[in-house]
Amino acid sequence: MTVSALASSTASTTTTTTSSQGLGLDTSQFLQLMVEQLQNQNPTDPTDTTEFLNQMVQLSTYDQQVENANRLETVVSSLDTMIAANGLGYIGQSVSVLGDTTTLQDGSAQWNYALESDATDVKIEIFDEDGNSVYTADGETEADGSHEFKWDGVTDEGKQLDDGSTYRIEITATDQEGNDIETSTSVTGKVTGVDASSGQTYLTMGDVFFTLDQIISVSSDS
C-alpha cells in the first residue's frame, strides 16, 4: 500500500468539504447583502447594470450550486460504501491477482507466471519478508500459456514455515544465448478481508493488500 498517496487524497477531500461548508450563506442572507449594496452604493457612480445583473444571477444560482455539491458528496460516499460492500462478496473466494507477493495459507502458496518467449533456462526463487532466499526451483520453459507454481512452505533446508508470513516470487528466464526473457507473475489465494479505512477499498490476502481492478480471475472452492 502507498500510504502517503492515500493520506494525501483523504486530506484533499476533507479540505474541499470544509471550504464549501465554511461559506454558510443562504438565499435570504444573499438578498440582504444585495439590498445593503444598493443602499450604500455611490448615487453619483452607481454599479454598472450589466455587472449588477451578473451578480444577481450568481447569487440566485449559489444555493443550487451548494446543493449540487452536497449531493455529489453524498453520491461519492454512497459509491464508496457500495464498493466496500461489493468487496465483502469476495471474502473466502480464491482469486488470482497481478503481483508477485502472497501469504502462506494452509501450508501453501501459489503463483502463476508467463514467459514472453520460449526459454532455455527458468529459475524460480522465493524470498521471505526480510529479502532472504528460502526456496529455489527450476521452472517450465514454454511461452505458451500461464504456468502454475505451488509451494508447500518448505525451505531448501527442509524447514516447514508457518502460515501467515508473506513471500515474494522471482522468475529469471534466459534463452539459449543467455539473454533475459521478460516474465509476468500473478498470485492466487483466498480473500481474507476487506479494508476501506483509508478511503479506498482494498481486499486482503493475509497481510497482502490489493484493489478490485488487480483481480484477474475468481473461483469458488464450494
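Computed from the coordinates by the stated procedures, all read-outs in this text should not be read as laboratory data. For clarity, every value in this text was computed on a predicted model and none was experimentally measured. Glycine also receives a Cβ, built like all others from the backbone with ideal geometry; neighbour counts cover every protein chain displayed.
Here are some notes:
- Highest average packing first - 206-218, 112-124, Cβ atoms within 10 Å: 112-124, 206-218
- DSSP beta bridges in region 103-191 [antiparallel fraction, %, rounded to 5]: 100 percent
- Taking θ as phi - 60° and the Karplus parameters 6.51, -1.76 and 1.60, the scalar couplings of region 145-160 work out to x, 9, 9, 8, 10, 10, 10, 8, x, 9, 6, 4, 8, x, 8, 7 Hz in sequence order, x denoting glycine and proline.
- For region 103-200, fraction of C-alpha pairs farther apart than 23 Å, in %: 34 percent
- R0 of 35 Å, Cβ-Cβ distance S117-Q65: FRET efficiency to nearest 0.05: 0.05
- Per-bin percent of Cα-Cα distances, region 108-160 [10 Å]: 22, 50, 25, 3
- Potential extension, E129-S219 segment - 0.36 nm per residue separation minus Cα distance: 29.7 nm
- For the pair E140 and T155, label points projected 7 Å from Cα toward Cβ lie 2.9 nm apart.
- Each peptide in 93-105, 125-137 gets a packing score, the mean of other Cβ atoms within 10 Å over its residues, and the list from highest to lowest is 93-105, 125-137.
- A straight chain from S197 to Q32 at 0.36 nm per residue would run longer than the Cα-Cα distance by 55.1 nm.
- Taking 0.36 nm per residue of separation and subtracting the current Cα-Cα distance, fully stretching the chain between Q105 and D175 would add 21.8 nm.
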